[in-house]
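The values are calculated or read from the model by the stated rules, or taken from the named source; none is laboratory data. Note that the structure is a prediction, hence the values are computed from the model and not measured. A quick note on method: Cβ atoms are made from the backbone with ideal geometry, for glycine too, and the neighbour counts reach across all protein chains shown. Side chains included, ligands, DNA and RNA excluded: accessible areas come from the protein's heavy atoms. Shrake-Rupley method; radii C 1.70, N 1.55, O 1.52, S 1.80 Å.
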Amino acid sequence: MRRDLPSIPAEAFRVGMRRLAAGVTIVTAMHDGARNGLTATAVTSLSADPPQVLVCVNRTATAHDLIHRGAALCVNILAQEHRDLAARFAGMDGVHGPERFDIGTWTTLVTGSPVLSDAIAAFDCVVDEAVDSATHTIFIGRVVGISAREDGRPLVYEAGRFGTFSATPERRPRTGGVRASSTRRRGSRR
Ligand SMILES: Cc1cc2nc3c(=O)[nH]c(=O)nc-3n(C[C@H](O)[C@H](O)[C@H](O)COP(=O)(O)O)c2cc1C
């Protein structure tokens, strides 16, 4: 452990991390009949076998303790049409708690955690492990239920803005000053 090296200032860290474009999710939980959720981008796959995801939740988030107590959560990957939902579950429109679910269509899969019916994909998980680190808890979720759409463009967040993803055109390799064409035989001259 290199504890001797000082960390950079938190604000410098935030400025840098804002440039990491990330897919936007809503992480939900349900326990003892209470539902809650939050918008989250600190979400990643951990392993495929077993299928596990990793979700970092601030301990001040009101859904944090519900995830802990119910030992379950669902990661709902948002599509571009879910921008208002993302703002709501980020507390941007002032609505908190179970009222957040008044918009969107919600169902369940295995654990009872709320599943957004038209999420691009939803991973219903049991929490296998929870690791506290500084202000957040890292929840390791084992996926026990899944739903996924064929269509839909993901909602993305970068530099404080919501947007979407578009593929960049593939560049064909240049050879000998002219673009390679699929018809030319290797080493042949026209
Ligand atoms: C795009 C975006 C991504 C976010 N990612 C996370 C995250 O990964 N983990 C987290 O704890 N909070 C994250 N937040 C903040 C929570 O969504 C926000 O604090 C929310 O209001 C917490 O719920 P609460 O109001 O019920 O406490 C994010 C916010 C936004 C706008």
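Miscellaneous remarks
- Cα Rg, Dmax (largest Cα-Cα span) when computed across the range 2-115, Å: 15.6, 50
- When you restrict to C-alpha pairs under 8 Å that are six or more residues apart and normalise by the size of the range 38-84, the relative contact order lands at 23 percent.
- Taken along the Cα-to-beta-carbon direction at a fixed 7 Å, the label points for GLU99 and LEU46 span 3.5 nm.
- Mean Cα-pair separation over length for the chain, i.e. relative contact order, pairs under 8 Å, 6 or more apart, %: 23 percent
- For the chain, alpha-carbon Rg over 2.2 N^0.38 Å: 1.30
- Across the accessible surface of the chain, with the other protein chains kept in place and a 1.4 Å probe, carbon and sulfur atoms take up 53 percent.
- On a per residue basis, the convex hull of the C-alpha atoms belonging to the range 83-171 measures out at 177 Å³.
- For the chain, the solvent-accessible area works out to 64 Å² per residue, with a probe of 1.4 Å and every protein chain left in place.
- Total charge dipole magnitude, the chain, about the Cα centre, Cβ charges on Lys, Arg, Asp, Glu only, Debye to nearest 20: 1900 debye
- Tail weight of P(r) past 14 Å, computed on alpha-carbon pairs of the range 32-74, percent: 51 percent
- Cα pair count fraction exceeding 12 Å, expressed as % - the range 48-103: 74 percent
- The range 83-127 - Kirkwood radius from inverse mean 1/r over Cα pairs (Å): 11.5 Å
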